[in-house]
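The values are calculated or read from the model by the stated rules, or taken from the named source; none is laboratory data. Small disclaimer: the values here were computed from a predicted structure and weren't measured. Glycine gets a Cβ as well: all are built from the backbone with ideal geometry, and neighbour counts include every protein chain shown.
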Amino acid sequence: MKKELQQIIEGSTVPEDDVHSQNTLHWLLKLKPDADEALQIAALGHDIERAVEERKVRREDYESYDEFKQAHALNSARVLDELMRRCHVSKQLAERVFYLVCHHETGADRDANALRDADTISFFDVNLPHYFARNSFEETKRRWLWGYAKLPENLRVIVAGFHYQSDELRSLVKKCTGAA
């Protein structure tokens, strides 16, 4: 199942998805070294719907960014659930992964919060330079502030310490970190 999951994510049209998947697992294990199999699978597959072009949710179809992210989480959970059923993953494991992926943007309990935090840190660690290259300064600023606000104070320090090659992106981060 993990091999098929990896193959699907590697096929994403979002170039950083594969690295983000692995990096989210990396951060999850730093935040929660005892993460169980369900949590690890959820970390790897939390954005799987972005790799399935015909099923991908589109930002422009939602009134708010929060609604878009909720739809993204639910859609990823459904795509991952279908994969787990095809691969005969136990019902208990599949249900737990589904729950975790459904809550990877908002958190809900300790494990879902750890997944949310690992995903958010990984966004800043891996995705932000790519996001900035594809979007305007103002859109990147909005996305930065949205993600940064989700993190507990102790994890904001990690994100604030990331260094980016682009002078413009570094300036944006400095402004946002001071504004948040």
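Sort through Leu74, Leu83 and tell me the only one that's part of a helix (DSSP H, G or I), more than 20 Å from Ala112 (Cα to Cα) and of a type outside the set (Phe, Trp, Tyr).
Sole residue among the options that is part of a helix (DSSP H, G or I), more than 20 Å from Ala112 (Cα to Cα) and of a type outside the set (Phe, Trp, Tyr): Leu83.
Please go through the stretch 101-113 and give me each residue that is surrounded by fewer than 17 Cβ atoms within 10 Å (Cβ to Cβ) and over 14 Å from the mean Cα position of the chain (by Cα), ordered by number.
Hits for the stretch 101-113 are Ala108, Asp109, Arg110.
Of the residues Gln6, Gln92, only one is surrounded by 15 or more Cβ atoms within 10 Å (Cβ to Cβ) and either free of Cβ contacts under 8 Å to residues at least 12 places away in the same chain or among the polar types (S, T, N, Q) (or both); which?
Sole residue among the options that is surrounded by 15 or more Cβ atoms within 10 Å (Cβ to Cβ) and either free of Cβ contacts under 8 Å to residues at least 12 places away in the same chain or among the polar types (S, T, N, Q) (or both): Gln6.
Any residue in the stretch 18-32 that is buried (at least 20 other Cβ atoms within 10 Å of the Cβ), charged (D, E, K, R), assigned to a helix (DSSP H, G or I) and modelled with pLDDT of 95 or more?
Checked against the condition, which is being buried (at least 20 other Cβ atoms within 10 Å of the Cβ), charged (D, E, K, R), assigned to a helix (DSSP H, G or I) and modelled with pLDDT of 95 or more, the stretch 18-32 yields no hits at all.
Going by the structure shown, is Arg86 buried (at least 21 other Cβ atoms within 10 Å of the Cβ) and among the charged types (D, E, K, R)?
no
Is it true that some residue in the stretch 35-47 is part of a loop (DSSP other than H, G, I, E, B), more than 14 Å from His72 (Cα to Cα) and of a type outside the set (Asp, Glu)?
Yes: one or more hits.
Tell me yes or no: at least one residue of the stretch 90-100 is closer than 20 Å to Thr120 by Cβ and over 17 Å from the mean Cα position of the chain (by Cα).
no
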